[in-house]
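Participant: Can you keep this structure in mind? I'll have questions shortly.
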Amino acid sequence: MNQQPGRSGLIFNEPLLWEKSREGRCAISLPNSDVDRVELDPELTGDAPELPQLSELDVVRHYTRLSQWNFGVDSGMYPLGSCTMKYNPKTNEVQAARQGFAGAHPFSGDEFSQGAMALMYNLEQYLAQITGFNAVTLQPAAGAHGELAGMLMIHAYHAKMGKQRSKIIIPDTAHGTNPASATLCGYESINVKSGEKGILEPEIIAAVMDEDTAGIMVTNPNTLGLFESNIKEIADIVHAKGGLVYGDGANMNAIMGIVKPGEIGIDVLHLNLHKTFSTPHGGGGPGSGPVAVTKALEPFLPIPRVEKKLDSYKFVTDCPDTIGRLHTFYGHFGVMVRAYSYILSMGAKELKNASTLAVLNANYIKESLKGTLNLPYDLPCMHECVFNDEFQKKDHITTMDMAKRLLDYGFHPPTVYFPLVVEGAFMVEPTETESKEDIDQFINAVKAIVKEAKDDPEKLKKAPLLTKVTRLDEVTAARKPCLRG
Ligand SMILES: *Cc1c(COP(=O)(O)O)cnc(C)c1O
């Protein structure tokens, strides 16, 4: 345990700012006024807001302590499957904070925004190249928003072809946002089961694909962390009946520089810049879910589009078949700057290397823990691997107990109880940025916890024991949150 990154230092208590407030205490000293004091009409100003009265040090300590109660990629390993919580190089933050980018105003007009527009244009080109597609929109604000954009384009495509379709095929290993996005477009989701190996079998798709089906949404790599190796054959089946293939590319971190989804039968794909392309996420901050399309779908892309003529850029809105606007202005520009900076600083070779390492790290964990935790699908995995609590059932220890105990060892728990196809799932995504030493510490922590499950199950049931708050009644915590320290 001493070798683990878990807590051994102090965790400070911290009252509310209101409780720290003392009459007359102040964090600023303004120069004496050299004009006469004038009382304002209270009818106009109302009562002055009541604010806590604090010194500068009170405020600095308050926020520093609160930040130390938090956990992030910068403080420790965060192996949250499906989320790609990798380390984001600080240079990307520096570039996004540059005055020319951070201070750019969407009303400046094309003429004064050429640099920002060049960045957007080039980023679209890079993402098209990485994914193997014809064109890209940067407008959607998140992965699920990208899915909505893609499904609206599929809908518009079928309308243009003269016949709307009513259904969409969605496998059991798709991300949960997929059926939600399809439903928002008015489609009925047709659920299909994956084969025994955890991937789709072409026969299953052939059996349900018909001419009233708009297409299929495939998460690849899927939520079991497995590559859908029959994707090309499946795409042929769907295309033969006039359908289109939507690719959920949120897991591009596993295949960058290795597979181009545009070359294996996918027609439209979204990426998560806030996963693969180095924007910090997890706190609900701005994200970006660009969508890449084939030539046939290009006319349906959202407007405005950024175009390059000779050496200048302009925003274009006269696109008759567009699905319209999905976001105010052009999307989340700051996230685009980070992705652009990331791609340029990595280069093609290192992007490929990142994916290779992400896959290697996940397979290392899979092989190291497979006798310790049950591994329902024992195939070479992509960027993540999915275990469950089958072996611990006899000791009445669950995935939740083990996840909570990991906090005591200094790790953010992996994703639990997702994907739904694995009962009691424990889904680990180490990402490429963790070192072997850190991954070994994680593996050792899981092994120690599994040993505790046999030796001291009562203790495990109460975990976490070293955190600021210990095991919560999660229902009460969600329904009646207590936000005091
Ligand atoms: C994260 C994720 C999404 C959703 O992305 P958001 O940005 O959270 O909307 C969709 N599909 C997959 C496979 C994902 O991992």
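Participant: If I model a spin label at Arg65 and Ala296 as a point 7 Å from the Cα along the Cα→Cβ vector, what separation in nanometres do I get?
Facilitator: 6.2 nm
Participant: Hey, another quick one. Check which residues have an amide H placed less than 5 Å from Leu244's amide H, if you skip close sequence neighbours.
Facilitator: For Leu244, whose amide H was placed from the backbone, the distant partners under 5 Å are Gly215, Ile216.
Participant: Which one, His270, Gly198, Ala102, is farthest towards the positive end of the dipole of region 91-345 when Lys and Arg carry +1 and Asp and Glu -1 on their Cβ?
Facilitator: Highest projection toward the positive end goes to Ala102.
Participant: Can you give me the distance in nm between label points at Val38 and Leu57, each placed 7 Å from the Cα along the Cα-to-Cβ direction?
Facilitator: 3.9 nm
Participant: Identify the residues of region 15-53 with backbone N under 15 Å of a label point that sits 7 angstrom from the Cα of Cys482 along the Cα-to-Cβ direction, or state none.
Facilitator: 15-16
Participant: Cα atoms only, the chain: Rg and Dmax in Å?
Facilitator: Rg, Dmax (Cα atoms, Å): 25.8, 86.
Participant: Another question, then. Can you give the net charge of the other residues whose Cβ lies under 13 Å from the Cβ of Arg471, counting K and R as +1 and D and E as -1? Walk me through the numbers on the way to the answer.
Facilitator: Details: positive: Lys404, Arg405, Lys459, Lys461, Lys462, Lys468; negative: Asp401, Asp408, Glu458, Asp473, Glu474.
After counting each charged neighbour, the total is +1.
Participant: Under 11 Å from the Cβ of Ala97, count the other residues' Cβ atoms, weight Lys and Arg +1, Asp and Glu -1, and hand me the total. If you can, show how the numbers build up before the last one.
Facilitator: Numbers: positive: Lys90, Arg98, Arg338; negative: Glu93.
Around Ala97, the charge tally is +2.
Participant: Taking the Cα centre as origin and putting +1 on Lys and Arg beta-carbons and -1 on Asp and Glu beta-carbons, what dipole magnitude results for the chain, to the nearest 20 debye?
Facilitator: On the way: 47 positive and 59 negative charges, 137 e Å.
It works out to roughly 660 debye.
Participant: Specify which residue in the list Asn230, Asn361, Thr328 is farthest towards the positive end of the charge dipole of the chain, using unit charges on the beta carbon of Lys, Arg (+1) and Asp, Glu (-1), about the Cα centre.
Facilitator: Asn361
Participant: What does the charge count near Met427 come to, summing +1 for each Lys or Arg and -1 for each Asp or Glu among other residues with Cβ under 13 Å from its Cβ?
Facilitator: Working: positive: Lys366; negative: Glu384, Asp389, Glu423, Glu429.
Neighbour charge sum, excluding Met427 itself: -3.
Participant: Using the Karplus curve 6.51 cos²θ - 1.76 cosθ + 1.60 with θ = phi - 60°, what ³J(HN,Hα) values do you get for each residue of region 449-457, in whole Hz, with x for Gly and Pro?
Facilitator: Running phi through 6.51 cos²θ - 1.76 cosθ + 1.60 with θ = phi - 60° gives 5, 5, 5, 4, 4, 7, 7, 8, x Hz.
Participant: Between the DSSP loop rule and a limit of at most 10 other Cβ atoms within 10 Å, which trypsin sites (Lys or Arg not before Pro) in region 386-485 are left?
Facilitator: Loop-located and lightly packed - Arg484.
Participant: Follow-up question, since we're still on this one. Report, in cubic angstrom per residue, the convex hull volume of the C-alpha atoms of region 348-485.
Facilitator: Values: hull volume 19.5 nm³, N = 138.
It comes to 142 Å³ per residue, whole-number rounded.
Participant: Taking GluC sites (Glu not before Pro) as exposed when DSSP calls them loop (any state but H, G, I, E, B) and at most 15 other Cβ atoms lie within 10 Å, what is the longest stretch of the chain free of them, the sites themselves excluded? Provide the component values of the computation, followed by the final result.
Facilitator: Values: sites that count: Glu23, Glu39, Glu50, Glu196, Glu211, Glu423.
It works out to 212-422.
Participant: Can you sort Lys366, Lys241 by how many other beta carbons sit within 10 Å, fewest first?
Facilitator: Values: Lys366 22, Lys241 14.
Exposure proxy ranking, most exposed first: Lys241, Lys366.
Participant: Right, next: Consider a paramagnetic label point 7 Å from the Cα of Phe12 along Cα→Cβ; state which residues of region 60-102 have an amide N under 16 Å from it.
Facilitator: 60-70
Participant: Additional query: Taking the alpha-carbon centroid of each part, what is the distance from region 112-172 to region 398-468 in angstrom?
Facilitator: Measuring centre to centre over Cα atoms gives 37 Å.
Participant: How much length would be gained if the chain were fully extended between Lys349 and Ser29, taking 0.36 nm per residue of separation minus their Cα-Cα distance, in nm to one decimal?
Facilitator: Values: separation 320, 0.36 × 320 = 115.20 nm, distance 5.43 nm.
Gain in length upon complete extension: 109.8 nm.
Participant: Still on this model: Expressed in nm to one decimal, what extension gain is obtained for the pair Gln129 and Lys193 from 0.36 nm per residue of sequence separation less their Cα-Cα distance?
Facilitator: Numbers: separation 64, 0.36 × 64 = 23.04 nm, distance 3.23 nm.
Gain on extension, Gln129 to Lys193, equals 19.8 nm.
Participant: Right, something else. How much length would be gained if the chain were fully extended between Asp74 and Phe315, taking 0.36 nm per residue of separation minus their Cα-Cα distance, in nm to one decimal? Please report the intermediate quantities before stating the final value.
Facilitator: On the way: separation 241, 0.36 × 241 = 86.76 nm, distance 3.76 nm.
That pair, Asp74 and Phe315, stretches by 83.0 nm at full extension.
Participant: Would any residue of region 98-139 have its amide N under 11 Å from a label point 7 Å out along Cα→Cβ of Glu263? List them or say none.
Facilitator: Label zone hits: 130-133.
Participant: Can you pull out the trypsin sites (Lys or Arg not before Pro) in region 261-334 that DSSP calls coil and that have at most 13 other Cβ atoms within 10 Å?
Facilitator: On the way: sites: Lys275, Lys295, Arg305, Lys308, Lys309, Lys314, Arg325; in loops: Lys275, Arg325.
For trypsin sites (Lys or Arg not before Pro) across region 261-334 that sit outside H, G, I, E and B with at most 13 neighbouring Cβ atoms in 10 Å, the list reads Arg325.
Participant: Right, something else. If each DSSP helix of 4+ residues adds -39,500 (n - 2.57) and the sum is divided by the residues in the chain, what number results at 222 nm, nearest 500 deg cm²/dmol?
Facilitator: -11000 deg cm²/dmol
Participant: Which ordering of Thr137, Thr372 is given by a fewest-first count of other beta-carbon atoms within 10 Å?
Facilitator: Values: Thr137 31, Thr372 16.
Result, fewest neighbours first: Thr372, Thr137.
Participant: Would you order Phe112, Phe101, Phe442, Phe391 from fewest to most other beta-carbon atoms within 10 Å of each residue's own beta-carbon? Could the numbers behind the result be given before it?
Facilitator: On the way: Phe112 11, Phe101 19, Phe442 26, Phe391 16.
Listing Phe112, Phe101, Phe442, Phe391 from fewest to most nearby Cβ atoms yields Phe112, Phe391, Phe101, Phe442.
Participant: Also, quick follow-up: Please list, ordered by chain and number, the residues whose modelled amide H lies under 5 Å from the amide H of Asn374; skip anything fewer than 5 residues away on the same chain.
Facilitator: Those lying under 5 Å, H to H, from Asn374 are Asn388, Glu390, Phe391.
Participant: Placing +1 at every Lys and Arg Cβ and -1 at every Asp and Glu Cβ, with all other atoms neutral, what dipole size does region 281-358 have around its Cα centre, in debye to the nearest 20? Each step should come with its number before you reach the end.
Facilitator: Working: 9 positive and 6 negative charges, 31 e Å.
Result for region 281-358 is approximately 140 debye, rounded to the nearest 20.
Participant: For region 102-187, run through the trypsin sites (Lys or Arg not before Pro) and keep only the ones in DSSP coil with at most 12 other Cβ atoms within 10 Å of their Cβ. Walk me through the numbers on the way to the answer.
Facilitator: Values: sites: Lys160, Lys163, Arg165, Lys167; in loops: Lys163, Arg165.
Answer in residue order: Lys163.
Read the figures in this text as sums done on the coordinates, not as results from a lab. Keep in mind it's a predicted model, so treat the numbers as computed, not measured. Methodologically, a virtual Cβ is constructed for each residue, glycine included, from the backbone with ideal geometry; neighbour enumeration extends over all protein chains shown.
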